Each structure stands twice: as structure tokens, then as C-alpha cells.
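The structure under discussion appears below in the form of C-alpha cells.
The values are calculated or read from the model by the stated rules, or taken from the named source; none is laboratory data. Small disclaimer: the values here were computed from a predicted structure and weren't measured. Note: ideal-geometry Cβ built from the backbone for every residue, glycine included; neighbour counts use all protein chains shown. Just the protein is used for accessible areas: all its heavy atoms, side chains included, with ligands, DNA and RNA removed. Shrake-Rupley method; radii C 1.70, N 1.55, O 1.52, S 1.80 Å.
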Amino acid sequence: MRISSIIMLALLLTITVEATAQKTLKGNDNGVSYTGRVEVGPDGSVSYDWTGVYFQTDITGGHLSVDVSEAGVSWHNLFIDGQWVKKFKIEGNTPQRIILADKLGKGTHRIRLQKCTEGEYGKTTIHQFIIAKNGTMSAVAPQKRMIEVFGDSYTCGYGTESQKATDRFSVDTENCDKAYGCIVARYFDADYALTAHSGMGMVRNWGDAKQLSDQNMSTRYTQVYDHHGKTAYGFDRYTPQLVMINLGTNDFSPVAIPTDEQYVDAYLKMITTIQEKYPGVKILCITPHSANRYLKASLSLLRDRLLGQPNVWMANVLDNMVTVEKDMGADWHPNYQGQCKIAMSLIPQISAIMGWELTGKAVK
């Protein structure tokens, strides 16, 4: 037998052995838990585009790969056993295999993959998981606490990995895990969902020439997808104990600002819907650190309209908390340090509202 033929045979045998040493499971396998809004396809694939959606699984056997495709571009954070490992990009609408963990030590290891960029840029589809033939996957039980945040670019982590306000935005510097919502959730050991889109307002988007934008957060927050379809969401995948709403900066951006009544009426409608979908939920309405006088006037009216309503609070004003010199990243948005400041200002009030104890852990 020729040497080249022997080498080819050896390669084929190696591939065969590796293939038989692994097994494949569908994207919606019971051994995986998804947190956030997702849609399960007829083939068992799982798709999502809202920022912050994550899956978790406890594996044995030391190996986990995923077959994944992307409508656009999305960046993801990978965590193994609670430690951040890397941030990486997925693109391409043809399924590709990505190794998330390999040759881990004996025992059980927890894998978490978090989408950290917005639906505007991409939709992720998990087709299947590949584990060691003798391995297992077990779903991770939800935390006792759950937080949902309805917001805009501040919630999405727009520019959090940039260090200068004058930097132009680039999707690779967006990371929701470094924004206040995820920081607060980590502090309180809570699961979270982020229903947020940059540039969106309660009724009007950034710089829109109309007082009422055709698509805004009042229309998007009821959908399964942020940007890839208008399928209605059943509000049935999770039930938060706390909802934070941080919307208004874009509503009152230059040109055709809405009236106080237009903004407040939409805000109250959102609160009513959230209360209907999540009975007993507590709601914290945030005044953004960048709020101008028009937004502050509208939020003052909101406060008046909410008087006597149970389980709804207005957050403390964040004036001058985020500085241009140290705390801003791309396009004058809070960088990671600025986001930590915002989180630190909210944590004591959340503790008082929820009865969740303060701890000695760092806010990070």
C-alpha cells in the first residue's frame, strides 16, 4: 500500500473514532435552560435576537460544541464554571460548529453562552449540541430572583467597552454584560432578561421627525423578537419579581419631541400591561442620568399619575453621576465604569423595595 493511502486511511479512522466518541442533541434539549425570549423551531432549533439572552447547561464528559447560525452578526460571552472565558463573534447563516469547552476535568462543569449585542445586528439560532459520547447535559435551575429591564442603549451596553466619549460606535464594543442591568442582577444573584433596543423610546425614537415613531419600545416589547419578526410574545417564559423601566432619553431627543401626555400615557399603559402579565411584580421607573428638562417634566407628571398605585416606585435621580472624562464610551454613552456607577445608585433602592439584602460583594 502506498504511503499516501496509509496516511489517508489513518485520517479517516481518526475522524470516525472522534465522531463515534460524541453524540448530538437538539437545540431545545431538556438538558439546556434558556433565559430570555426564544422561539423553538419545528426541527428543535432555538432562535433569539434580544440582547442578553443566554443558555446554561451542566455537562459531564468534558466537551461541548454547538452548531449555530446567525442572521447578521452577534457577539457572545462564554462563561465556564462562573468565570468569563472569552467574547467572540458569530456570523453566517449556514450552521457552523463552535467548540465551547473541551478537555475539561472530571466532574460537572457549568457552561453559559450569553448574546451580548442587539437584535438589530443579528439573530442567533442554536441547531444542536455535541457532547462526549459518555457525557451528559443537565438544565440549570432558575435563580430564586428574576429581573427584567425595559430600556434603550444604556441597557444594551452600547459602547461599554469603549473608553472615550468621542469614539464612534462599533458593535464589537457593545456588551450588555457590562451594563447596569446585568451588573445589578449579578449583585443580587438574580437571573435577568433585557428587553431593550438602542435609539428606541417609549413613543419616539432618537431624532425622529415625528412625535410618534412607527416602531418604538411600546410596540416592540410585546414581541418574541426585537428585530426579526413581529410574533407576539406570551410573557410566559419567565416571571420577574422586579421590572426596571429606563426609557425616555430618545423620546426627548432634538426635533419633534412628544407631549407629556403622549409619553406618560404610553408609560402607564406599559406599566398596566406588565402588571397584568406578571401579577404582583414590583416596578422601578428610572430617570436616566442624561434626562433633559423635558423628560424630567414628563417623569414628574408620571410620578403624579402614579400616586397611590401600589408596587410602583420612581428611582432616585442620577444627575451628574456619569462624567465625560472618566465614565463615557462611544457616542457619549456610559462605559463600564459609568455603568457600575448607575448600578451602585440603584442597588440600595432595589434592596429597600425588594427586601433583598445588601452584601459585601463588589459591584461589577
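The table that follows gives values for the structure above.
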| quantity | calculated |
| --- | --- |
| Neighbours by Cβ (under 9 Å, 6+ apart or cross-chain): first from the stretch 340-364, at positive phi; second open to solvent by 60 Å² or more (accessible area, probe 1.4 Å) and assigned to a helix (DSSP H, G or I) | none |
| Residue ranges of helices (runs of 4 or more DSSP H) in the stretch 250-364 with at least 1 members among the aliphatic types (A, V, I, L, M) and over 25 Å from F169 (Cβ atoms) | 260-277, 293-306, 336-354 |
| Condition met for R220 (of a type in the set (K, R), free of Cβ contacts under 8 Å to residues at least 40 places away in the same chain and open to solvent by less than 60 Å² (accessible area, probe 1.4 Å)) | yes |
| Top-ranked residue in the stretch 54-97 [being open to solvent by less than 40 Å² (accessible area, probe 1.4 Å) and of a type in the set (S, T, N, Q); ranked as nearest to L25 (Cα to Cα)] | S65 |
| Number of the condition not met by K106 [criteria: (1) over 29 Å from Y221 (Cα atoms); (2) assigned to a strand (DSSP E or B)] | (2) |
| Within the stretch 316-336, considering residues that are open to solvent by less than 60 Å² (accessible area, probe 1.4 Å) and acidic (D, E), the one nearest to A362 (Cα to Cα) | D327 |
| From the options D43, D29, residue that is open to solvent by 60 Å² or more (accessible area, probe 1.4 Å), over 30 Å from K364 (Cβ atoms) and in a loop (DSSP other than H, G, I, E, B) | D43 |
| Residue list for the stretch 337-352, restricted to those being of a type outside the set (G, A, S) and open to solvent by 20 Å² or more (accessible area, probe 1.4 Å) | Q337, K341, M344, P348, Q349 |
